[in-house]
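None of the figures in this text is laboratory data; all of them are computed from the coordinates on show. This is a predicted model, so every value here is computed, not measured. Heads up, the Cβs are rebuilt from the backbone with ideal geometry, glycines too, and the neighbour counts pull from every protein chain shown.
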Amino acid sequence: MEQQLKALQTEALQKIEAADNLKDLNDIRVAYLGKKGPVTEILKGMGKLSAEERPKMGALGNEVRGAIASSIEAKQTVLEQAEIQKQLENETIDVTLPGRSVKTGCQHPLTRVVEEIEDLFISMGYTVAEGPEVEKDYYNFEALNLPKGHPARDMQDSFYITEDILMRTHTSPVQARTMEKHKGQGPVKIICPGKVYRRDNDDATHSHQFTQIEGLVIDENISMGDLKGTLEVFAKKMFGEDREIRLRPSFFPFTEPSVEVDVSCMFCGGEGCNICKGTGWIEILGAGMVHPNVLEMAGFDSKKYTGFAFGMGPERIAMLKYGIDDIRHFYTNDVRFLKQFSVHQ
Ligand code: PHE
């Protein structure tokens, strides 16, 4: 019996030694240590033994069981470790692999310029006003001193929807609407950004739809000097501290006097180049002192109040600022164009 038990132990330990995975090891455990396993089976023959032999065999049986169990336990630890090791090896991350770039969009150059202009004027105490793009003839023209049949209406070829409703041709109707809301009470200090529409054939410098930013200040004692100072700050902020501006006489029905505003060329510094056509100056906006008729029509006392207004095209500003050669780039949404304005390049 002793030999049987020892042989069993040797056999079991060999199998344990040979087991190379946890499942086989478990099968061995069930086979050798189960209730009906071979140790129990052998010890059944104890009845035939002498009284002295019996406890010895009993103890040996337990010893064999114990040896098998601890050997299984030791092997189990080894196999588990190996398994973890294998898993770690399979799951290693190659930290030297270059990351995948996440594609992000970017702000449209036009939005960027509009926001920059807005921020500048907000910092000077202006508020942003908005109005409808589908506008009444009254606000787009009449309230701005452009009665029906006025020849200056031809300056802005329009998309009419009905006899009295059109797509606004400029952002000036927002100044008419805002003045009306103030009911003759100053001060007014607004800028109005927004889309405008004109019946134009699209080319490198014309678009049937573009954007404008209008500015309007009304108060007592507002002079042309205030207008010039304001636009000078604007030109320097947008195009650099070295820029200068000059005002040239012009005509708009809603301002008197009216001016066209040039900025010293940001490409040649005023020396004269092909962009400023050798003049050293580039036109950037129209402006003037609000016409007394416009003030009166909106309910302001033109003897008490004066004001200035200006209107500019952010496309033009952006084209000059970023050296963009075709206004259509803003609207065709070619990603190769837009990507150039990404801050994540
Ligand atoms: N509304 C004018 C235009 O679109 C621009 C302008 C605005 C001129 C305000 C003077 C004062 O041409």
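So the values come out like this:
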quantity: Anisotropy class of the stretch 189-269 from Cα gyration tensor, a/c 1.5 cut; calculated: oblate
quantity: Kirkwood-based shape ratio for the stretch 295-345, expressed as Rg/Rh from alpha carbons; calculated: 1.34
quantity: Check: the chain dipole with +1 on Lys, Arg Cβ and -1 on Asp, Glu Cβ, in debye; calculated: 1240
quantity: Under Karplus coefficients 6.51, -1.76 and 1.60, residue-wise ³J(HN,Hα) of the stretch 166-176 in Hz, glycine/proline x; calculated: 8, 6, 4, 8, 7, 8, 4, x, 5, 5, 4
quantity: In nm, spacing of pseudo-spin labels at GLN185 and ALA204 (7 Å Cα→C-beta vector); calculated: 5.2
quantity: Distance in nm between pseudo-label sites at LYS339 and LYS304 (7 Å out along the Cβ direction from Cα); calculated: 6.0
quantity: Semi-axes of the equivalent ellipsoid for the chain, Cα gyration tensor, largest first, Å; calculated: 95, 23, 18
quantity: Under 19 Å, Cα to Cα: Lys pairs in the stretch 89-231, sequence gap 8 or more or different chains; calculated: 5
quantity: Residue of ILE16, ILE245, ILE284 that the Gaussian network model of the chain assigns the largest fluctuation, springs spanning Cα pairs under 10 Å; calculated: ILE16
quantity: The stretch 129-209: GluC sites (Glu not before Pro) in DSSP coil with no more than 10 other Cβ atoms inside 10 Å; calculated: GLU163
quantity: Alpha-carbon centroids, the stretch 286-313 and the stretch 16-78: separation in whole Å; calculated: 107
quantity: Cα convex hull of the stretch 245-298 - mean projected area over all directions, nm²; calculated: 3.9
quantity: The stretch 12-19 - phi-based ³J(HN,Hα) in whole Hz, Karplus 6.51/-1.76/1.60, Gly and Pro as x; calculated: 4, 5, 5, 5, 4, 4, 7, 4
quantity: Separation in nanometres of the label points that stand 7 Å from Cα toward Cβ, at GLU41 and GLU133; calculated: 9.0
quantity: Max mean-square fluctuation residue, GNM over the chain, Cα-Cα springs under 10 Å, options ASP202, ASP226, ASP20; calculated: ASP20
quantity: Segment SER223-ALA74, extension gain: residue separation times 0.36 nm, minus the distance between their alpha carbons; calculated: 43.9 nm
quantity: Rounded, prolate or oblate (a/c below 1.5 giving rounded, otherwise prolate when a/b exceeds b/c) for the stretch 1-150 by Cα gyration tensor; calculated: prolate
quantity: Candidates LEU43, LEU97, LEU166: whichever shows maximal mean-square fluctuation once the chain is modelled as a Gaussian network with Cα springs under 10 Å; calculated: LEU43
quantity: On Cα atoms only, tilt of 22-33 relative to the major axis of the chain in degrees; calculated: 30
quantity: Long-range HN-HN contacts of GLY37 with modeled amide H, under 5 Å; calculated: none
quantity: Built amide H within the under 5 Å cut-off of ILE222, gap 5+; calculated: THR306
quantity: Note, ³J(HN,Hα) from phi for the stretch 79-89, Karplus 6.51, -1.76, 1.60, rounded to Hz, x at Gly and Pro; calculated: 5, 4, 4, 4, 4, 4, 4, 4, 4, 4, 5
quantity: Packing-based exposure ordering (other Cβ within 10 Å, fewest first) of ILE84, ILE93; calculated: ILE93, ILE84
quantity: Partners for LYS304 among aspartates and glutamates (Cα-Cα distance below 12 Å; same-chain residues under 8 apart left out); calculated: ASP219, GLU220, GLU296
quantity: Proximal lysines to LYS35, defined as alpha-carbon separation beneath 24 angstrom and excluding residues fewer than eight positions away on the same chain; calculated: LYS6, LYS15, LYS23, LYS44, LYS48, LYS56, LYS75
quantity: Theoretical FRET efficiency, 1/(1+(r/R0)^6), r = Cβ-Cβ of ASP157 and ASP24, R0 56 Å, to 0.05; calculated: 0.05
quantity: Sequence-distant residues sharing a close amide H with VAL259 (under 5 Å, placed H); calculated: SER250, ALA287, GLY288
